[in-house]
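First the structure, in the form of structure tokens, and then the observations on it.
The values are calculated or read from the model by the stated rules, or taken from the named source; none is laboratory data. On a predicted model such as this, the values are computed, not experimentally measured, just so you know. Cβ sites come from the backbone with ideal geometry, for glycine too, and all protein chains shown count toward neighbours.
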């Protein structure tokens, strides 16, 4: 028996033996899904966040920012998106991250490649996807998420999106570009004062980060698993496939629009992905819905309004909706299956 099968046995015990629910009923199926996935996700979260935090204990956003300074644009987009994928920042971090990158003179496109990818992908979500849905879907999700960040950043630089920053953010970017030598000296000084963390410090960092991330994501895990359980237990088999099937072009943009108000993060949306795929929803439609839920959320855009003018905010929002719709159409047209 695999370790993950133990969570199913626990759900069997609680639902069928303790609560005496009849197998195959809607309530029993929904509750079984909820118990199995919440226990599985929380155990995996604690173990993986701690282990991964130990490995990245010395990684700070300042180091990411400093590394990106002066990089070529094409390489910068890829690096920005890559760093976004391995740094678990949420929408509440959007403003300090954006200002920190802008103050370092990093182009808006590279900064946005980072910020677009970061909510979509993180190491915790990747490990959960691997354990729940396998390497094939995980690889697909990571490639698509990073592609959205890279192409979005490149397009924003192409249209000179820095014109639409709020005045104080635009001024910080201009000052940083006007003083590259002083900036380089400051970054070099910061590198020389950095200290290697001891094992005790790494353990303390990993423990604190585990607790911090759990406190930030627990409600989204419950919400995501609860929604997934409702879909699993109460939506009739074939209903989603019949009504949001790949043969109907409008279902993908409809799924994107449906996902916007249902804010979640990459961790909380994974059980929703699992449930939608189990119900027969096409992979492209599932990706479009869940990426819209994570990356095109109202809370993040409300925060970003403080550093962006409405024109830039609307442009970013429109690019995301277009990207997710195209992703859904392409993978449904390819008839991609797990």
Task: Condition met for residue 278 (surrounded by fewer than 18 Cβ atoms within 10 Å (Cβ to Cβ), within 24 Å of residue 334 (Cα to Cα) and modelled with pLDDT of 70 or more) - done: yes
TODO: Please work out which residue is modelled with the lowest pLDDT, limiting yourself to the range 1-58 and to residues that are surrounded by 14 or more Cβ atoms within 10 Å (Cβ to Cβ) and assigned to a loop (DSSP other than H, G, I, E, B).
DONE: 56
TODO: Give the number of residues within the range 97-156 that are at pLDDT below 80, under 13 Å from the mean Cα position of the chain (by Cα), closer than 17 Å to residue 83 by Cβ and surrounded by 20 or more Cβ atoms within 10 Å (Cβ to Cβ).
DONE: 4
Task: Odd one out for residue 323, checked against (1) more than 30 Å from residue 102 (Cα to Cα); (2) buried (at least 18 other Cβ atoms within 10 Å of the Cβ); (3) modelled with pLDDT of 85 or more - done: (1)
